[in-house]
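The values are calculated or read from the model by the stated rules, or taken from the named source; none is laboratory data. Since the model is a prediction, treat every value here as computed from it, not as a measurement. Cβ coordinates were reconstructed from backbone atoms using ideal geometry, including for glycine residues, and neighbour counts include every protein chain displayed. When the accessible area is computed, the model is the full protein with side chains, heavy atoms only, and any ligands, DNA or RNA have been set aside. Shrake-Rupley method; radii C 1.70, N 1.55, O 1.52, S 1.80 Å.
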Amino acid sequence: MSKLVLILNCGSSSLKFSILDPISGDEKLSGLAEAFYLPEARIKWKLHGEKGQADLGAGAAHAEALNFIVENIFTKDPTLQNSISAIGHRIVHGGEKFTQSALITDEVVREIENAIQFAPLHNPAHLIGIREAFKLFPELKDKNVAVFDTAFHQTMPEEAYLYALPYSLYKDHGVRRYGAHGTSHYYVSRQAAKRLGVAEDKVNVITCHLGNGASVAAIRHGECIDTSMGLTPLEGLVMGTRSGDIDPAIIFYMHKTLGMSVEEIETTLTKKSGLLGLTEVTSDCRYAEDNYDSEVPAKRALDVFCYRLAKYIGSYMAVIGERLDAIVFTGGIGENSAHVREITLNHLKLFGYQIDEERNLAARFGNEGVITKEGSPLAMVIPTNEELVIAQDTAKLCF
């Protein structure tokens, strides 16, 4: 068996994991451990195509999940663990320090810790994953790689990443726009270049990564020149539970007039807003789709979601400033919601976009393709594969 990469994506209450061949892209193992710290903590996986699941025990978290993977799943195929030659970690926020992936050293760990203030839900979990990986795979300690969501966006020009705040806040404290989902935006932009027959350093696309977290990126000549997420992953589009863009004075109103504490406001904006806030039912986009024509809250939520997305796409057409090769949809919603894509592109008729209903419906559930009519500017669906990028970056630094 060739050299394989173990990929760990530690969230605040979950752990996605996989083992990939970085050359062929073959996935040997994939899985998800979730509901950490709760009585129903559980894990499910697919090993060589066969599915399994188990309870992790009440209150289990990252350490228990990783131990279960090693002690239970790996024992089903002992050759698999022996073939792991490196470990790649998805890191949401790397601050300004990292413009590309990096071997994990003490200094890299410190920089990830320094960026906790910008990704308080994500970076602490990533650090747990790194430390647990060091314990469980001591022989690979010098072959752990951090792959940063923020790295791809470090090519943004100053006018895109600066806020109109006192410059000292940026100069002294790093307050600026960083973006996220960079690994996904990078991957689908490269895939779009291949499908369109355009060189990677010439491709101009607007990539829409839509899921529970959602962001848009403007990519000119293969480099990110703007993206919708900001200092933290709260800025930008409407998301599952996150508000995206709001008037910052709303925070003052919530505090001064409504008497809400800073903690309550933070919880509202990050965990009670977005699709959940607008539907007052759920953060699941499928509810809004399924009930769009029958329930006012569902229609309201989907309309706001798509309107905000269309506004961002339109503004990025302006800053790209020249030929636009395609709008690319990806992520769980972007890949599967024909309805979201249709509503969004209908807002862009001024630019000539015409949705092809048959193509749009065909490009779901893992299928890719162009979703606009012949003669229309191109919009397309490309499934993302962040795990493959992480595996390839890890292999480049370790093999």
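Computed quantities for the displayed model
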| read-out | value |
| --- | --- |
| Per residue accessible area in Å² of the chain, where ligands, DNA and RNA are left out and the probe is 1.4 Å | 45 |
| ³J(HN,Hα), Karplus 6.51/-1.76/1.60, whole Hz, each residue of segment 20-33, x for Gly, Pro | 10, 8, x, 8, 7, x, 4, 9, 8, 9, 8, x, 9, 10 |
| Computed helical MRE - 222 nm, the chain, DSSP H runs ≥ 4 contributing -39500 (n - 2.57), nearest 500 | -11000 deg cm²/dmol |
| Ordering of 272-279, 246-253 by burial proxy (mean other Cβ atoms within 10 Å per residue, highest first) | 272-279, 246-253 |
| Förster radius 30 Å - calculated FRET efficiency between residue 357 and residue 323, Cβ distance, rounded to 0.05 | 0.65 |
| Segment 64-106 and segment 298-355: distance between their alpha carbon centers, rounded to Å | 35 |
| Highest-MSF residue in the chain out of 48, 221, 209 [GNM, Cα springs under 10 Å] | 48 |
| Evaluated over segment 131-268, the Cα radius of gyration and Dmax, each in Å | 18.5, 57 |
| Carbon + sulfur, % of accessible area of the chain - ligands and nucleic acids excluded, 1.4 Å | 51 |
| Among 57, 88, 179: highest mean-square fluctuation, GNM of the chain, C-alpha pairs under 10 Å | 57 |
| Amide proton proximity set for residue 356, modelled H, under 5 Å, gap of 5+ | 372, 373 |
| Antiparallel %, DSSP beta bridges [both residues in segment 1-115], to 5 | 85 |
| Loop GluC sites (Glu not before Pro), segment 296-399, which have at most 13 other Cβ atoms in a 10 Å radius of their Cβ (DSSP) | 322, 374 |
| Segment 127-202: C-alpha gyration tensor shape, a/c 1.5 cut-off, then a/b vs b/c | oblate |
| Filtered GluC sites (Glu not before Pro), segment 116-201: DSSP coil and at most 16 other beta carbons within 10 Å | 200 |
| Karplus 3J(HN,Hα) series, Hz, for segment 41-53 with 6.51 cos²θ - 1.76 cosθ + 1.60 (x for Gly, Pro) | 3, 8, 9, 9, 8, 9, 10, 6, x, 9, 8, x, 7 |
| Cα long-axis angle, helix 182-196 against the chain (0 to 90 degrees, to the nearest 10) | 70 |
| Principal-axis tilt of helix 262-271 within the chain, Cα atoms, nearest 10 degrees | 90 |
| Partner aspartates and glutamates for residue 97 [C-alpha distance under 17 Å; skip if fewer than 8 residues away on the same chain] | 106, 107, 111, 113, 149, 158, 172 |
| Linear extension gain, residue 54 paired with residue 374, 0.36 nm per residue minus alpha-carbon span | 110.3 nm |
| Antiparallel content of DSSP bridges confined to the chain, in %, to 5 | 70 |
| Reduced Cα scattering model of the chain, Debye log10 I(q)/I(0), q = 0.07, 0.08, 0.12, 0.14 Å⁻¹ | -0.33, -0.43, -1.01, -1.37 |
| Residue 229 long-range amide H proximity, modeled H, under 5 Å | 180, 216 |
| Amide H within-cut-off set for residue 224, under 5 Å, with H built and near neighbours excluded | 155 |
| Per-residue SASA entry for residue 76, accessible area with 1.4 Å probe, Å² rounded to 10 | 130 |
